[in-house]
Amino acid sequence: MEDISLVSLAILAVALLATGVVAGIIAGLLGVGGGIVIVPVLYYMFNALGVDQSVLMHVAVGTSLATILATGTSSARAHWKRGSVDMDLLKSWWWAIALGVVGGATLAGNISGGALTAVFGVVAVVVAANMLMRKEGAALAEKLPGPPLREALGVMIGGISVMMGIGGGTLGVPTLTLFNFPIRKAVGTAAAIGLIIAVPGTLMSIYFGWGAENRPPFSVGYVNLIGFLLIIPASTYTAPLGAKIAHAIDPSKLKLVFALFLGFTGVRMLVDVLL
């Protein structure tokens, strides 16, 4: 990639700090680990700075997963204090989610950046449409199915989420609400699922990106340290604020906000791939 000027680095730094603030609030509000904001911003910021297309989305995804380690911890702790994390479900589900993460991260490390971008866009649009079109209170069943279908759902959530570079909320929240989870309980549990995704996902992003050419400066594997260090403080600080808002607003409005963010980001990413 071309050399980055000091002015470009300064603009990038300000943009990443602002991203951290917004990502933290969204992480606490929606249980999504902030990745739904971080991935597109990193993608467009690094693209503007001339990062090669072959690694552009991989770096955005890997860096986002790394930031979720901190943002997700802060968000999950805030929701846990408010009693909105289903620990019994996590104890029986974590291994299936982690298995999906390993498979998804392996696939992500071996496909093109364009394919990763398409995965992000398609899944985001589909989930947003589901949230907007599904009738209030509509559920597929009264509770989550038993094994092996429940484990299959965990593998799917982990695998697709790690390929998108996001926490567990994007798929976790609609999946849980589909099986009659209250929205606040679903958001809180999804925040904790984000940690199960982020830990192995980050390590595998570093592994698959180790020695890759054309990465932006200060990158360890596919994790860019500039993005990581600037986003983390702001997002960690503001995540509890998002959790507080989540418990103060109407659940239907919370669902609408979640869907609008997903839809907007998904369409933007798909347009970028197609054009």
Legend entry - Options Gly24, Gly34; residue that is on the phi > 0 side of the Ramachandran plot, under 16 Å from the mean Cα position of the chain (by Cα) and either at pLDDT below 80 or crowded, with 24+ Cβ neighbours inside 10 Å (or both): Gly34
Legend entry - Long-range neighbours under 7 Å by Cβ, at least six apart or interchain, first residue more than 23 Å from Gly103 (Cα to Cα) and assigned to a helix (DSSP H, G or I) within the range 204-225, second hydrophobic (A, V, I, L, M, F, W, C) and at pLDDT below 95: Leu225/Phe218
Inset, instruction - Select from the range 236-251 the residues that are surrounded by 15 or more Cβ atoms within 10 Å (Cβ to Cβ) and small (Gly, Ala, Ser) and write down the one among them that is nearest to the chain's Cα centre (by Cα). - result: Ala239
Legend entry - Residue in the range 102-119 that is among the polar types (S, T, N, Q), surrounded by fewer than 17 Cβ atoms within 10 Å (Cβ to Cβ) and under 19 Å from Pro200 (Cα atoms) present: yes
Inset, instruction - Please verify whether the range 91-98 includes one or more residues that are crowded, with 24+ Cβ neighbours inside 10 Å and closer than 18 Å to Gly165 by Cα. - result: yes
Inset, instruction - Please find, among Leu230, Leu225, the residue that is touching a strand residue (DSSP E or B) at 6+ places or on another chain (Cβ under 9 Å) and either under 30 Å from Asn47 (Cα atoms) or buried (at least 24 other Cβ atoms within 10 Å of the Cβ) (or both). - result: Leu225
Legend entry - From Leu107, Leu171, Leu116, Leu99, residue being within 24 Å of Leu42 (Cα to Cα), touching a helix residue (DSSP H, G or I) at 6+ places or on another chain (Cβ under 6 Å) and modelled with pLDDT of 90 or more: Leu116
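The values are calculated or read from the model by the stated rules, or taken from the named source; none is laboratory data. Since we're looking at a predicted model, the values are computed, not measured. Note that we place each Cβ from the backbone using ideal geometry, even for glycine, and neighbour counts take in every protein chain shown.
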